[in-house]
Amino acid sequence: MEKVRGIVSILLLVFMLLPANILLAEEVKPLAPAGQAVPVATPPAAEAAPAAPAPAPKNDTGDTAWILISTALVMLMTPGLALFYAGMVRRKNVLGTIMQSFIILALISVQWILWGYSLAFGPDKGGIIGSLAWFGLNGAHLQRELNSAHF
């Protein structure tokens, strides 16, 4: 039984870290079809006037309020879910089941900080998912202030 538990733990860790390993790889650019020239980026003309600076992004109070309310609802849901699961086990296992619910909340919070935020809001890869450029929230606040009009 201990051997099976160890294997399951290792597989769980591998599948939790798998998205990070896949997304750390370099983005591969598609080759041009046969017979067509590959477009080469040309430097901008020296005479071109510099673009006007973008307006500074502003915090939207509605977005901030929604994020805070959603977070509070998830935090309130955790004890309810713990009690629901506790009702499905024997009396001697209730405390363990409740603790597992809170431990998974802490684990997912750490996962969100490490790579979840970057995958959700980071510079995108093909318009589908964010890259890991902000892994561990590294530089996220700087890029957010420079590039985002939503915050």
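Between residue 141 and residue 75, what length in nm is gained on full extension when 0.36 nm per residue of separation is reduced by their alpha carbon distance? List each step's numbers first, then the result.
Numbers: separation 66, 0.36 × 66 = 23.76 nm, distance 2.44 nm.
Gain in length upon complete extension: 21.3 nm.
Residues with amide H under 5 Å of residue 125's amide H, sequence separation 5 or more or different chain, H placed in the peptide plane at 1.01 Å from N; which?
130, 131
Would you work out the charge dipole size for segment 59-151 about its Cα centre, treating the Cβ of every Lys and Arg as +1 and the Cβ of every Asp and Glu as -1, and quote it to the nearest 20 debye?
640 debye
Residues with amide H under 5 Å of residue 134's amide H, sequence separation 5 or more or different chain, H placed in the peptide plane at 1.01 Å from N; which?
none
Each value in this text was obtained by applying a stated rule to the coordinates, not by laboratory testing. None of the values given here were measured: they were computed from a predicted structure. Backbone-built Cβ (ideal geometry, glycine too); neighbour counts: all protein chains shown.
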